[in-house]
Each structure stands twice: as structure tokens, then as C-alpha cells.
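Some notes on the structure that comes next.
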Amino acid sequence: MGSPSEDVAEILVSEEQLRDSVQRIAAEVTEEYAGKSPLIVGVLVGAFVFMADLVRVLDFELEVQFMAASSYGEGTEAGVLEITRDLPEEIAGRHILLVDDLLDTGHTLSRLSELLMARGAASVKTCCILDKPSRREVPFEADFVGLEIPDQFVVGYGLDYAHSYRNLPYVGVLRSELYTS
Ligand code: IMP
Ligand code: MG
């Protein structure tokens, strides 16, 4: 069996570009949240790499948690987002920053934002390292965005294809013969 990097046809976002984006986002997030003790909530599984990089360059008091959600009925008008791992504590009155790997159709972050606001959060903002604006199905923009990418299926830096490739340190496109669908 080959190594994951051997399956990559093209590197779309390099490690250096990712580092620069994390630094820029961190500066913006610091400006918004320093002194507010925010709860930074990563969306599992994909956000784990970006979360780890981001929180380690934030030098102010914060808390970290994770949620997981999966969507059903995709392609149908009433795609439902099921929370498969919820926050362990109430979040009423908290400033929340939702962190995800990639903003695609917009369903995940828009629904999670609504849910956390409905639970009484003081504020909910969203952050993603990658954005595919051309794929949006609902009008939604993240407050903090790393890089916009074209409508291509990508892996690495937390993003998977069939549960693999999350550990690649950059964002890449797989060789076309590997995508079976
Ligand atoms: P959406 O914005 O609700 O469509 O959700 C975006 C989620 O779909 C991301 O957090 C990823 O987990 C997944 N996703 C979307 N595009 C890709 C991709 O190109 N590669 C891997 N996962 C993707
Ligand atoms: Mg995800």
C-alpha cells in the first residue's frame, strides 16, 4: 500500500499558504475576542487540524470544545442536520466561535449557528480555513475565512476522502482514478 502523499495529483494550498492564513485569521480573531473568554467550537472531524493550529497562536483566555453533525437528505430540499456529538455544557451568554475546515454548501455552519443562537449564546461567529463560494446553497458567509478555492474536491489538512487523507499537511487533489463514484 502506498503512502497518502503518493495519491495526490496536485497541491492546491501549500503548508506555507495554510500557515499564513492561520496567522491572518488569528490576528482577526484576537481583535474580535481578546478579553471576551470565547468558547471556540470545532466541527468534528475535519476541523481538528485547523483548530489545533489556530488555538496555539491565540494568546488570550479561551475554551475549546467540539461538536459533530451529519446531514441527511442531501440534495433534497429539507436536508436535516443531525447533531451526533453535542456540547457538554450550556452556552447561554457565551461568545461562540464555530470553526470548520471548509465552507461548502453552507448548510452545516448556518444550521449550527442558528442552533447555538437559539440556545442563548451572546454571539455566534464562524471561521473556516477554506471556502468554496461557488458551491453555496444557502446565503451564508463565514466571518473569518482563510482561502477561497474553486469547486474541486480536496483532501488534507483535516479534510478526508472516504475517511482517509486527513493527515496530509497540505490541501491537495487526488489522482482522478482514486475517486470512485
Ligand atoms: P457544508 O458547507 O454544509 O456543505 O459542509 C461542508 C463540509 O463538507 C465540510 O466541513 C467538509 O467536511 C465537507 N466537504 C465539503 N467539500 C469537501 C471537499 O472538497 N473535501 C472534503 N470534504 C469536503
Ligand atoms: Mg466538516
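The values are calculated or read from the model by the stated rules, or taken from the named source; none is laboratory data. Bear in mind that the values here come from a model prediction, so they are computed numbers and not experimental data. Positions of Cβ are generated from backbone atoms using ideal geometry, with glycine treated the same way; all protein chains shown enter the neighbour counts. When the accessible area is computed, the model is the full protein with side chains, heavy atoms only, and any ligands, DNA or RNA have been set aside. Shrake-Rupley method; radii C 1.70, N 1.55, O 1.52, S 1.80 Å.
In table form, for the structure just shown:
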read-out: Residue in the range 62-77 that is at pLDDT 95 or above, open to solvent by 50 Å² or more (accessible area, probe 1.4 Å) and of a type in the set (Asp, Glu) present; value: yes
read-out: Enumeration of residues in the range 126-152 that are exposed (fewer than 13 other Cβ atoms within 10 Å of the Cβ) and either in contact (Cβ under 8 Å) with a residue 60 or more places away in the chain or not charged (D, E, K, R) (or both); value: Ser134, Val138, Pro139, Pro150, Gln152
read-out: Every residue from the range 53-64 that is closer than 24 Å to Leu115 by Cα and away from ligand 1 (no atom under 16 Å from the Cβ); value: Val55, Leu62, Glu63, Val64
read-out: Selection count, the range 11-60, where residues are within 21 Å of Ile149 (Cβ to Cβ), more than 16 Å from ligand 2 (Cβ to nearest atom) and not in a helix (DSSP H, G or I); value: 4
read-out: Answer residue from the range 81-104, given it is away from ligand 1 (no atom under 16 Å from the Cβ) and among the hydrophobic types (A, V, I, L, M, F, W, C) and is surrounded by the most Cβ atoms within 10 Å (Cβ to Cβ) among those; value: Ile96
